[in-house]
Amino acid sequence: MPNSHWGHCQHCKYFASPARMPLPNEEARCMQPELARFELKVFGASGCKGFELRPGLAPEVEEPSLRLGAS
């Protein structure tokens, strides 16, 4: 795949959801050009290396949360 950046499907422009900010449990087709022919249905929490950020989202949505492990 052309992009070596891994990311979550819910934040990817190829996740065929009409929502501006899809949820992790939302299911939609993957329209990534190299994968679209397989008619894959994936959840927003899934991910791959064909990731490209959805238009209008800040890159920070894919950065690890600093709150992980915080009490």
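The values are calculated or read from the model by the stated rules, or taken from the named source; none is laboratory data. A quick note: this is a predicted structure, and the numbers were derived from the prediction, not measured. Every residue, glycine among them, receives a Cβ derived from its backbone with ideal geometry; neighbour counts consider all protein chains shown. Side chains included, ligands, DNA and RNA excluded: accessible areas come from the protein's heavy atoms. Shrake-Rupley method; radii C 1.70, N 1.55, O 1.52, S 1.80 Å.
Listing for the model above:
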item: Proximal charge balance of Phe43 [Cβ under 9 Å; K/R count +1, D/E count -1]; result: -1
item: ³J(HN,Hα) computed for each position of segment 44-57 - Karplus, 6.51 cos²θ - 1.76 cosθ + 1.60, integer Hz, glycine/proline x; result: x, 6, 6, x, 7, 8, x, 5, 9, 4, 4, x, x, 9
item: Ser46 versus Ala19: modelled label distance in nm, points set 7 Å from Cα along the beta carbon direction; result: 1.6 nm
item: Under Karplus coefficients 6.51, -1.76 and 1.60, residue-wise ³J(HN,Hα) of segment 19-31 in Hz, glycine/proline x; result: 6, 5, 10, x, 8, x, 8, 6, 10, 7, 6, 8, 10
item: Cβ-defined net charge surrounding Met31, 15 Å radius [Lys, Arg +1; Asp, Glu -1]; result: 0
item: Amide H contacts under 5 Å for Lys13, placed H, 5+ residues apart; result: Glu52, Leu53, Arg54
item: Rounded to the nearest 10 Å², the accessible area of His5 at probe 1.4 Å; result: 90 Å²
